[in-house]
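The values are calculated or read from the model by the stated rules, or taken from the named source; none is laboratory data. Computed from a predicted structure; not experimentally measured. Cβ coordinates were reconstructed from backbone atoms using ideal geometry, including for glycine residues, and neighbour counts include every protein chain displayed. To get the accessible areas, we keep the full protein, side chains included, count just its heavy atoms, and leave off ligands, DNA and RNA. Shrake-Rupley method; radii C 1.70, N 1.55, O 1.52, S 1.80 Å.
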Amino acid sequence: MDQHFKIECAKEEILRLNVEITRFVTWIHDEDRYLEDKRLEWEQIDECIAFRIDLYRRSRARFNSHHLQLLAELSLMPGFTGSLAVGKRKERGAGSSDEPPMDLEEPIAPPIAANTAQSNDADDEEDEDNVEQDEDLNEVLAKEIELVARISED
């Protein structure tokens, strides 16, 4: 009986890992595309920053190619049911590779609320979620910038 539940849990884990593999491959693809887009964008503004972004992108590409090679070897194993195809992200927003490049010459104006007196609890919860996502994105961006700075010092 114990063996039956172990097999059932293993089947569920395989399904979960199939999803995670696709997410990982998609993330690698999206990150590389995003960094290349940012390099091209910064090339017009500051070549030094563009060069540092390119160094960082190339550094990431070395590790990413290693991971993709391991996944390719895994896909050749008997019983592999996943896919190494690049998926499509569901979310859109700041940091997304689908986001159009930002024009850095124009200041970003904060959004103007139409009527703040009519906010309800659902809007408040959504705002809190957005604030948390923005904070998470800011943390990630700060770490990425710090890493780019460290790489450029070497």
Worksheet, complete the sentence: Any residue on another chain or 5+ positions along whose placed amide H is under 5 Å from the amide H of residue 83 is listed here as 22
Worksheet item: In segment 1-97, which GluC sites (Glu not before Pro) are in a loop and have at most 16 other Cβ atoms within 10 Å, using DSSP for the loop call?
Response: 91
Worksheet item: At residue 68 and residue 33, where each label point lies 7 Å from the Cα along Cα→Cβ, what is the point-to-point distance in nanometres?
Response: 1.3
Item to complete: State the extension gain, in nm to one decimal, for the chain segment bounded by residue 135 and residue 60, taking 0.36 nm per residue of separation less the distance between their alpha-carbons.
Response: 24.6 nm
Worksheet item: What FRET efficiency, computed as 1/(1 + (r/R0)^6) with R0 = 35 Å and r the Cβ-Cβ distance, is obtained for residue 12 and residue 43, rounded to the nearest 0.05?
Response: 0.15
Fill in: Cβ-derived FRET efficiency at R0 35 Å, residue 3 paired with residue 88, nearest 0.05
0.35
Fill in: Per residue accessible area of segment 30-74, 1.4 Å probe, in Å²
65
Worksheet item: For segment 3-88, treating each Cα as an identical point scatterer without solvent, what Debye log10 I(q)/I(0) comes out at q = 0.19, 0.24, 0.26 1/Å?
Response: -0.87, -1.10, -1.18
